[in-house]
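Read through the structure below, which is laid out as structure tokens, and then see the notes.
Quick note: the coordinates plus some simple rules give every number you see, no bench work behind them. Here the structure is a predicted model, which is why all the values come from computation and not from measurement. As a convention, Cβ positions derive from the backbone with ideal geometry for all residues, glycine included, and neighbour counts pool all protein chains shown.
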Amino acid sequence: MTVFEHFRTLCIAKGNRASSGVDWNVFLERDYIVDAAELLKYSGFHLESVHAIDGAEGMLINYLFDHFTQGERICLRVLLNHEDVTVDSIAGIFQGAEWHERETYDFHGVMFTNNPNMVNLLLPAESEVHPLVKAPKKRVALAELLSCGEIESQAEGFDLLNQKTEEAAQ
Amino acid sequence: MTTFINIQLLYLIIALVAIMAWVGLNALVLVYCERKFAGHIQRRPGPFEVGPHGALQPLIDGLKLMGKQLLTPDGADKVLFWLAPILSFVPVLLLFVPIPYGPVLTGMEMNLGILLILAFAGFNSLALLLAGWASNNKWGLLGAARAVAQAVAYEIPMLLAVLGVAFITGTLNLTEITTMQGAWPWQWNIVLQPLGFIVFLVSAFGETNRAPFDLPEGESELTAGFHTEYSSMGFGLFFMAEYAYMVVVCSVCTVLYLGGFKGPFIDGWWWFLAKTYALLFLMIWVRWTYPRVRFDQLLNINWKWLLPLATFNLLATAFFIKL
Amino acid sequence: MAEKDTLKRPDLLTANGNYMEEPLVNVELAQDIMDVCRSMSLWPMTFGLACCAIEMMATGMARFDLARFGAEVFRPSPRQADLMIVAGTVTHKFAPGIVRLYEQMPGPKWVIAMGNCAISGGPFKFKGQYNVVEGVDKLIPVDVYVPGCPPRPEGLLEGLFELQRKITGKRWWPVAKQVGECS
Amino acid sequence: MSSETVFQTRAEDSIGGDFYAQHFQEGCEENTLVLNMGPQHPSTHGVLRVILEVDGEYILRAEPVLGYLHRMHEKMGEVKSWYQFIPNMGRVDYGHPLAWNWAYVGAVEKLAGIEVPERAEFIRVITCELNRLASHLLWWGAYLLDLGAFTPILYAFDDREAILDILQRPTGSRLTYSSFRIGGVQTDLDEKTVQMIRDFIPIFRERLPMYKALVTDNIILRKRVEGIGEMSPDVIDRYGCSGPVARGSGIEYDVRRNEPYSIYDRFDFEVPTEDTCCAAGRYLVRMEEMAQTLRILEQAVDGLDKAEGGCIMEKAPKPNWKAPAGEAWFAVESGRGKVGVHVVSDGSKTPYRIKLRSPSYSNLSSFAEVAEGVLIADAVSILGSLDLIIPEVDR
């Protein structure tokens, strides 16, 4: 995990490819996603997918990156508050992200600023429903949903995953 | 004097009616042959159930097309829109007039027969241009633009190849060109003009918009090209005109290079038909075998290969005749 | 006007209670011949939507060969097609397109709804669905329904025969034996 | 939108195209033509729509418009139970449905920590590889149809029918297979099926040189694919392309090799690559892949007899089974590239969130950049060489 050695992350967790399929889970603050994507671009990663998970704490945007030769899958995760689901677009670095972001807008209503073409992709143009947004009652705490693995480093005040580790400890 | 004119006129009218019937019959037979032949190339029987071995299929298709609704698109120029298929089909009838099918089977003997054919064949590109332009459809317009560029380009090497034959025979009369050739294959013009024959044949594919040069109506690119908006017999006329042009081109090729109605043992129309249909089958075979070329490649083949080859052929012919 | 209406032939009555225009020349025999011609030369439109389109292609290919019945001329332009095979799921986004394509076809024209999606929304009909038109017959009139997900090519052929029967009033080809009847 | 909505087609005409066309036109230069390719167009393989800005026949700008076949798979994932979602996987990608079956089933197995019997793994490999052949044949025929050759598609379908004859025995379907189960497969391969596969392999192996002689070596085809749609490795990186598209640009990446799942690490096969970066490279990679698939098939059929276990694990999950809470990402190699499924579970009967990562989607997203400045005919060739399956793009 040398890529993010000097990068300001909220949390880095070492996952297990055999059990969850992702090697590294990296939680970031909202403003740092573009820099992180740039970092990964120069390290030779490519974008696999951008998608959101609607949890109780907020909208969790997952950016999955993989490497063609090193075989290391990194999942960048940004938690957005339900009241303000806006994040910077990484379409300037990974052009393929443009469609993934538009799709996320379709399904979850996440706005990506600076996306070159922010119109509905899959749903009809006039459609304003975001079908995959869950009713507030049905949302589940993210700590229950995620299996990020072993936490290697954690910024102060970041307690999204702690709930689960405490449960496991008990 | 008056009786003489009348007989001439009567003869011409009979010839024209016969040609109409001939064109119609040819279209039916060719469509059937094409579909059946394509079927057998593709490991399937082709039309089979409608009539014995599907023989009635083209007739039924034709009747059905006549019974369809005639649609004129909203933004189309109505006069030009319907003028185009007629303009495409009617000149074809004229093209059959000077072709000698047998020693006496000629619509009208004329000294400039080949010139007449080449001149009136040009109408087709005008018709395609009108069709594409008047139908107010972008695919149609693109198809029309392609059709004109292609027809103009491929007419030149074709003309030059024909000139080569005209140089050796010294005439433009198709009957005379035929009679100058012998009965056996080695006495035909193809021996004297092999290069000219190839150039003519390739240009023929281009002129008749047949695959691999079927760009004006290239299905996978331009949906249906210039006839995208034509329904019913509008489409049917284009369809028939296409097959009629194929017959004309193959007939002319037979006359110029393959000895026309002359053949071993007894001369007659049967030799003519056999040769023409052999060429037509070649065209069908090529269509169902090759992919389509790209438009710039199509023009490159013409301007960079066919035209120089045709010119070289002409110069060489002229040189040898002078010798 | 009511008196005049009664003089008109009942077969010219359309679904909405209007009368079609009477044909200029109406010879029974000619009509029948035209019907046979139409039924034997149904040119479908090249119009694949989803999975069923592959089975539609397979029907046109060597083993099943739609061409035997004169229906292999897949026309890319709706202007030259007689038959629209709606092969796949119709979505809200594409619904206006389908109606438009249908309107662009010249009459007489027919529609086969191929596959469960085109018939009723098929597997994509569930509580809370937001994008699938539940049956193409909500948009355009359908003549023959061919169920299956996707229907086998034999099914589509049978649908075509049924359409031919519908046009001419006669079943033209032998009926396949039911399962169990075969020796 | 309620089902009673009246669909109007005329209203839009007066203002010149629908929303997407107008949106596209805002960025147009003067004296150019805006062309709508699709949704009903013979060479967009379904209902893809591409809006083109053309100058003559040269494309200045292209924008694919998706969603004409959006079938709500991800929404259905949150409604259906774990088992009920499997048939959806047969319909995402009708070209290679078993890869999708595998991706979903594999993700759930990873999530629940289920071990699959060895024999079931072999059956999965055999059916999936047969399906890959069918998928490549479908692409081959359709691509050549795009290029204007009518006959190859009939030859391709002829061979494809032979594969479908084999596959419909264990899967019970011709096209939309959904025979994989959580913990195994639905039906075992019987003796006759295995024999049919053994007979099929040499027959198909003889067909490949014929395809090469008939089509691949044809000069017209060569001119239509060579140098068309150049995608440098950088483009592949930026758009996240995978599968034959990436391998056609010289990137030796195959999920079966780089991230071996199931028993793929036991087989001896090559990952073909081409450095030409153009449509010809992608074409040749797929042709070579068919030969390699036959090699895998041969080894898998030989290994099937020695494999232990049944076709499905004992005590396989019941229909009302609840997966444990957590998440899992599983990737497989389909005929088009890397298929990924991300399942998130909250421990109930239905998944909490399912994300389907389709290869066609990422491959197609590069089209706008690649198609800039080429002829319309080349755009058709590029679209074909990407091997698109539209339901997979729209999901």
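One table, with the values for the structure above:
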| item | result |
| --- | --- |
| Three-way shape label, the stretch B:165-323, alpha-carbon gyration tensor, a/c 1.5 | oblate |
| Extension reserve of the B:Trp186-B:Ala55 stretch, reckoned as 0.36 nm per residue once the Cα distance is removed | 43.5 nm |
| Local electrostatic count, B:Leu118, Cβ distance below 12 Å [Lys/Arg +1, Asp/Glu -1] | -2 |
| FRET E, pair D:Glu115, D:Gln168, Förster distance 25 Å, beta-carbon r, rounded to 0.05 | 0.30 |
| Under-5 Å amide H pairs with D:Arg357, H placed in peptide plane, nonlocal only | D:Gly340, D:Val341, D:His342 |
| Max mean-square fluctuation residue, GNM over chain D, Cα-Cα springs under 10 Å, options D:Ala291, D:Ala316, D:Ala99 | D:Ala316 |
| Relative contact order %, chain A, counting alpha carbon pairs below 8 Å whose residues are six or more apart | 24 percent |
| Pairs from C:Lys93/C:Lys125; C:Lys127/D:Lys75; A:Lys134/C:Lys138 whose Cα-Cα separation, in the structure shown, is over 20 Å | A:Lys134/C:Lys138 |
| For chain A, built as a Gaussian network whose Cα springs stay under 10 Å, the top-fluctuating residue of A:Gln95, A:Gln154, A:Gln70 | A:Gln70 |
| Spacing of the two label points (7 Å from each Cα toward its C-beta) at A:Lys134 and D:Lys322, in nm | 1.5 nm |
| Segment B:Glu109-B:Asn136, extension gain: residue separation times 0.36 nm, minus the distance between their alpha carbons | 5.5 nm |
| Percentage relative contact order, the stretch C:32-117, counting C-alpha pairs under 8 Å, at least six apart | 34 percent |
| Charged-residue dipole, Cβ positions (Lys, Arg, Asp, Glu), chain A about Cα centre, Debye nearest 20 | 360 debye |
| 10 Å binning of all Cα-Cα separations within the protein assembly as shown, expressed as whole percents from 0 upward | 2, 10, 18, 22, 19, 13, 9, 5, 2, 1, 0, 0, 0 |
| Low-density loop positions, GluC sites (Glu not before Pro), the stretch D:86-140 - DSSP coil, at most 15 other Cβ in 10 Å | D:Glu115 |
| Charge dipole (the protein assembly as shown, unit charges on Cβ, about Cα centre) - positive-most of D:Val50, B:Val17, D:Tyr83 | B:Val17 |
| Highest average packing first - A:114-121, D:281-288, B:15-22, Cβ atoms within 10 Å | D:281-288, A:114-121, B:15-22 |
| Averaged over B:174-183, number of beta-carbon atoms from partner chains that fall within 10 Å | 0 |
| Cα centroid separation - the stretch A:102-155 against the stretch B:146-202, whole Å | 70 Å |
| Tensor-based shape of the stretch D:64-161 (alpha-carbon gyration tensor, a/c under 1.5 rounded, otherwise prolate or oblate) | oblate |
| Considering only the protein assembly as shown, percent of DSSP beta bridges that pair antiparallel, nearest 5 | 75 percent |
| Within a Gaussian network of chain D (alpha carbon springs, distance under 10 Å), most fluctuating of D:Val215, D:Val185, D:Val54 | D:Val215 |
| Nearest-20 debye value, the protein assembly as shown charge dipole, Cβ charges on Lys, Arg, Asp, Glu | 2880 debye |
| Protection proxy ranking of D:43-51, D:248-256, B:35-43 - average other beta-carbon atoms within 10 Å, highest first | D:43-51, D:248-256, B:35-43 |
| Signed unit charges on C-beta, dipole axis of the protein assembly as shown, positive-most listed residue B:Trp305, D:Met231, D:Gln195 | D:Gln195 |
| Average beta-carbon neighbours from other chains, 10 Å sphere, peptide B:193-202 | 0 |
| DSSP beta bridge pairing in chain C, given as percent antiparallel to the nearest 5 | 15 percent |
| Rounded, prolate or oblate (a/c below 1.5 giving rounded, otherwise prolate when a/b exceeds b/c) for chain A by Cα gyration tensor | oblate |
| Relative contact order of chain B, defined on C-alpha pairs under 8 angstrom at six or more residues apart (%) | 23 percent |
| Average beta carbon contacts from partner chains per residue of A:16-25, 10 Å cutoff | 4 |
| Total charge dipole magnitude, the stretch D:73-394, about the Cα centre, Cβ charges on Lys, Arg, Asp, Glu only, Debye to nearest 20 | 900 debye |
| Unit charges at the beta carbon, dipole of the stretch B:69-322: most positive-side option, B:Ala121, B:Ser251, B:Val90 | B:Ser251 |
